[in-house]
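Have a look at the structure below, then the notes.
Only the coordinates and a few stated rules stand behind these numbers; no lab work does. Bear in mind the structure is a predicted one, so any value in this text is a computation, not a measurement. Note: ideal-geometry Cβ built from the backbone for every residue, glycine included; neighbour counts use all protein chains shown.
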Amino acid sequence: MVTSSGAQPSQVSTLNGVGAVLMKGVAALVVSCGPAVLAVTPLLPDRHWIVLLVGTLTTAVSVPGGIALWLLASRNRAGTRRLEAVGVRATAEVLTSTLTASDEGHTYVVAMRVSGLGFEAFEVTQSRTGGAGLSAGTRLQALVDPFDRSYTILD
């Protein structure tokens with residue numbers, strides 16, 4: 001049995017292949033917005049300085065934002081692949097579920113105990129939307145890396 005009492009549990013944001021492709025597609029669109037506006041500038045007869053200004057500002061925001069989104073998709077997909085490769089199936093039992101906000105959908109703070117073979121059980125707290133069915137005692141499937149205690153809740 002691997003003991004990992006020193007490592008703090010960390011949640012992995014899972015992202016499947018389709019999700020990664022969609023995120024990277026959006027990132028590519030975001031990156032190209034500013035340069036596209038700049039490319040139109042020479043085609044305008046009057047007030048092209050306004051379009052030049054807007055294109056420059058849009059480029060300054062969209063290029064770093066799109067790159068950040070691309071990197072986030074890559075990092076989440078890599079984390080998902082790693083967890084799928086080395087993770088073990090586990091059970092996350094809901095200990096408490098507390099409604100914290102209900103403006104646009106219900107948000108719950110859920111405390112869970114994650115346990116399984118190959119690692120010491122640990123407790124985590126996470127914010128979940130639409131978790132009305134998560135009462136104390138509810139069991140969810142999880143995937144846990146027994147070495148660094150990174151995890152994801154599958155349900």
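Compute, for the chain, the length of the dipole vector about the Cα centre, with Cβ point charges of +1 (Lys, Arg) and -1 (Asp, Glu) only. Units Debye, rounded to 20.
320
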Q.
In the chain, if the dipole is taken from +1 on Lys/Arg beta carbons and -1 on Asp/Glu beta carbons about the Cα centre, which of 137, 114, 71 is farthest to the positive end?
A. 71
(Q) From the phi angles alone, apply the Karplus equation (6.51, -1.76, 1.60; θ = phi - 60°) to segment 17-26 and give each ³J(HN,Hα) in whole Hz, x where the residue is Gly or Pro. (A) x, 5, x, 5, 5, 5, 4, 5, x, 5
Q) Which FRET efficiency value, to the nearest 0.05, do you get for residue 72 and residue 10 by plugging their Cβ-Cβ distance into 1/(1 + (r/R0)^6) with R0 = 22 Å? A) 0.85
(Q) Test of understanding: what is the full-extension gain from residue 128 to residue 115, defined as 0.36 nm times their sequence separation minus their Cα-Cα distance? (A) 2.7 nm
Q) Using modelled amide H (1.01 Å from N, peptide plane; none on Pro or chain starts), what sits under 5 Å from the amide H of residue 108, excluding residues fewer than 5 places away? A) 100, 128, 129, 130, 131
Q: Quick one: grab the alpha carbon gyration tensor of the chain, order the square roots of its eigenvalues as a ≥ b ≥ c, and give me rounded if a/c is under 1.5, else prolate or oblate depending on whether a/b is larger than b/c.
A: prolate
**Q.** Charge dipole magnitude, Cβ of K and R +1, D and E -1 - segment 17-84, Cα centre, debye nearest 20
**A.** 340
Q | Estimated FRET transfer efficiency when R0 is 35 angstrom, pair residue 39-residue 104 (beta carbons, to 0.05) | A | 0.40
Q: With a cut-off of at most 13 other beta carbons within 10 Å, and DSSP calling the residue loop, which GluC sites (Glu not before Pro) in segment 99-155 qualify? Please list them.
A: 104
Q | Using alpha-carbon coordinates, inclination of helix 48-86 to the longest axis of the chain, degrees | A | 20
Q) For 119, 147, what ranking results if the residue with the fewest other Cβ atoms within 10 Å of its Cβ goes first? A) 147, 119
Q) Of the beta bridges DSSP finds with both residues in the chain, what % are antiparallel, to the nearest 5? A) 95
Q.
Spelling out what I want: for every residue of segment 110-115, take phi, set θ = phi - 60°, compute 6.51 cos²θ - 1.76 cosθ + 1.60 (Karplus), and round to whole Hz; glycine and proline get x.
A. 10, 9, 9, 10, 9, 9
